[in-house]
1. Look through region 10-29, keep the residues that are loosely packed, with under 13 Cβ neighbours inside 10 Å and β-branched (Val, Ile, Thr), and return whichever of them is nearest to Glu74 (Cα to Cα).
2. Hey, any hits in region 55-72 for a residue that's over 13 Å from the mean Cα position of the chain (by Cα), at pLDDT 95 or above and not in a loop (DSSP other than H, G, I, E, B)?
3. Would you please name the residue that is nearest to Tyr18 (Cα to Cα), looking only at residues in region 30-76 that are loosely packed, with under 14 Cβ neighbours inside 10 Å and touching a Pro at 6+ places or on another chain (Cβ under 9 Å)?
4. Filtering region 1-47 down to residues that are among the β-branched types (Val, Ile, Thr), more than 14 Å from Thr68 (Cα to Cα) and assigned to a strand (DSSP E or B), which residue is farthest from the chain's Cα centre (by Cα)?
Amino acid sequence: MGNVEIYAPLVNGSVFPYYENGESCKYLVERILGDDLRPPARSLTIRIITTSGKEVVIVIPNDHSEATVRLDGEKI
């Protein structure tokens, strides 16, 4: 069971749901990277540096566990 939701708010006010909360994280990684990447990815990592210099790292595992978020190296 995943804990990630990805969507795109559209200019007409509607929302395009790319990936819905509750779907497996493995499904999201496969949807983005495909299932023919060899060797397979262990995870998909999104790293953001904020304007204030904080580092946010989101790790989406390529399995059925939940995604994790770290702020400046500490799990939140």
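1. Val15
2. Yes, because at least one residue in region 55-72 is over 13 Å from the mean Cα position of the chain (by Cα), at pLDDT 95 or above and not in a loop (DSSP other than H, G, I, E, B).
3. Leu33
4. Per the stated criteria, the residue is Val15.
The values are calculated or read from the model by the stated rules, or taken from the named source; none is laboratory data. Everything numeric in this text was worked out from a predicted model, so none of it was measured. Because the Cβ atoms are built from the backbone with ideal geometry, glycine has one as well, and the counts that use them run over all protein chains shown.
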